[in-house]
Each structure stands twice: as C-alpha cells, then as structure tokens.
Amino acid sequence: MLLLQHCCSIYSAEKRHLLSGNHMEFIFMLTKDDQTVEDCLELYEEILPVGLKHVGFKDVGVGYDKLKTLTDAINASGAISYMEVVSTSDEEAINSAKTAVELGVKRLLGGTQVNEITEIVNGTGTSYYPFPGFPEGHPTKLGGTEVDVENHCRDFMDRNCAGCDILAYRATEADPISLVRAARRGLGDGYLIVAGSVNDVDQIGKIAAAGADAFTIGTGVFNGSYASRMGSIRSQLKAVLEDCSKVVAQTSVT
C-alpha cells in the first residue's frame, strides 16, 4: 500500500506539473567551457534580434565591470538575467552570491551553500536555485543518487529557494532523467532548471516529460553542435527556440 501511494504521488506531481502550464524555457548562457566568454557584450548585442527571454553567464571568465554592463543590458532588454555559480570553494561561492545581488541579477543558479546564500538574497530582487546532489570540480560533475537529489530539493523548498539547477547530464552515479524526476518530486511546484549538455529536441522532450521547466545551453551553441547544419549563432539559437515550441506543442496534444 505504501509503495502504491508513493507511486501515485510521483505520478500526480509530474502530471500536475504538465497540466499547470505547457512550457519549456531556453536559457542561453553566454559561456563556453564553463566560463563566460570574453566578448559577451558584443555577442549579446548581436543576438538581441532573436528575442531571447532568458540569458545568463557564469561567475568566472570576465571581470565585475563587464558583468555589470552585461547584466544591465540583459535586464534593459526585457529578458531575465541569470548567473550560475561554478566557483569551487565555499568562500568564492558566497562571494559570487553577493556579487550577483550587486549586479542586479534576477536569478542566481548553482552553489551548495544554501544557508549562507539564501540569507544573502533574502529581501533582494534575486531568487535562488541551488545545485542538488554533490557537484564537484571544474568543469563540474554531479555525484549523488535519486534519493539524494529528491531530499536536497525538498530541503531547498523548505528554505524558501525558488527551485533548483540540476546538472543532470553530468551525473556520475545515476541516470539523468531519473534525477530530473527526483528533483521534480522534491521541488513540488518549484522551478526546475536542467543545466547544460542538452543537445537535441529529443533531450528537450525527455526533460520536459520528467518535469523540467527550463534548460541551459552555452557551449553547444558556440561550437555549433546543437544544430550542426547552421552556421551562425543566431541560427543556432533560433533552432533551439523552434525545438522548444515543438516540445510544447506535443505536450499540449498529449
């Protein structure tokens, strides 16, 4: 009976999520190989005509002044600004959270220092989406099981986080889609972002079905691997947006 109730609760959470709003949001990260690209300002101006609604960067790769100019440009365009923490030490991650608030970033992703970072963003215009599991190294890999991820996500919501940022496709101990499902169970109605290594429409469809709200791509656009027949960054971005629309349309039909 307990197993049946657990299975029903899992199904209900995922079904409720799918019915609550058919959407899949693409967050373009101005990053390559886990660092913000040096020409991020020029690139953002170049891609403005695409009309992206979600744009972000990492806390490493370029200096504060350039990140401030970039954040202001993203916010002024009407898009939501993101910064992802990939610094590996506690001190660096906490300092990055303080920087995000100073920059005026709307959504802060990553880090595992939940107590400290929630205190930093509390009462500001920045919402927080920490990493569940056990991320380590740079570029980051994700350790942890489904149980770990579900428990972490439930704890995040208890601490008034807005959701989570899961490195599902960098997992070393579990299946990526199983981890996304576990994160959805733990978050309830919280916002679920799948970070990185999403390479095609099939993957977008799978993470959407598992309960994701959004996903990030950076390197896959810059190296042309997402849409291998497209030559420009704008064309790569348009291909990702078109695939998101296809997934939303399919979800609406089913």
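At a glance:
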{"quantity": "The lone exception for Asp213 - which of (1) more than 16 Å from the chain's Cα centre (by Cα); (2) on the phi < 0 side of the Ramachandran plot it fails", "calculated": "(1)"}
{"quantity": "Restricting the stretch 130-177 to residues that are among the hydrophobic types (A, V, I, L, M, F, W, C) and in a strand (DSSP E or B), the residue that is surrounded by the fewest Cβ atoms within 10 Å (Cβ to Cβ)", "calculated": "Phe134"}
{"quantity": "Members of the stretch 219-242 found to be part of a helix (DSSP H, G or I), over 22 Å from Arg170 (Cα atoms) and without any contact (Cβ under 8 Å) to a residue 60 or more places away in the chain, listed by number", "calculated": "Ser235, Gln236, Ala239, Glu242"}
{"quantity": "The stretch 87-114: number of residues that are under 20 Å from the mean Cα position of the chain (by Cα) and either assigned to a strand (DSSP E or B) or within 17 Å of Phe134 (Cβ to Cβ) (or both)", "calculated": "11"}
{"quantity": "Odd one out for Arg16, checked against (1) at pLDDT 95 or above; (2) surrounded by fewer than 16 Cβ atoms within 10 Å (Cβ to Cβ)", "calculated": "(1)"}
{"quantity": "Members of the stretch 225-253 found to be closer than 27 Å to Val85 by Cβ and of a type outside the set (A, V, I, L, M, F, W, C), listed by number", "calculated": "Ser225, Tyr226, Gln236"}
{"quantity": "Scan of the stretch 197-218 for residues that are among the small types (Gly, Ala, Ser), assigned to a loop (DSSP other than H, G, I, E, B) and either without any contact (Cβ under 8 Å) to a residue 60 or more places away in the chain or within 10 Å of Ile166 (Cβ to Cβ) (or both), ordered by number", "calculated": "Ser197, Ala212"}
{"quantity": "Restricting the stretch 59-86 to residues that are farther than 22 Å from Phe215 by Cβ and assigned to a loop (DSSP other than H, G, I, E, B), the residue that is nearest to the chain's Cα centre (by Cα)", "calculated": "Val62"}
{"quantity": "Residues of the stretch 34-60 satisfying the condition of being closer than 23 Å to Leu167 by Cβ and touching a Leu at 6+ places or on another chain (Cβ under 9 Å)", "calculated": "Thr36, Val37, Cys40, Leu52, Val55, Gly56, Phe57, Lys58, Asp59"}
{"quantity": "Pair list, Cβ under 6 Å, 6 or more apart: the stretch 80-100 residue under 16 Å from Val114 (Cβ atoms) and buried (at least 18 other Cβ atoms within 10 Å of the Cβ), other residue hydroxyl-bearing (Ser, Thr, Tyr) and at pLDDT 95 or above", "calculated": "Val85/Ser96; Ser87/Ser96; Ala100/Thr126"}
{"quantity": "Failed condition for Pro49, given (1) within 19 Å of the chain's Cα centre (by Cα); (2) within 20 Å of Thr216 (Cα to Cα); (3) part of a helix (DSSP H, G or I)", "calculated": "(1)"}
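The values are calculated or read from the model by the stated rules, or taken from the named source; none is laboratory data. Bear in mind that the values here come from a model prediction, so they are computed numbers and not experimental data. As a convention, Cβ positions derive from the backbone with ideal geometry for all residues, glycine included, and neighbour counts pool all protein chains shown.
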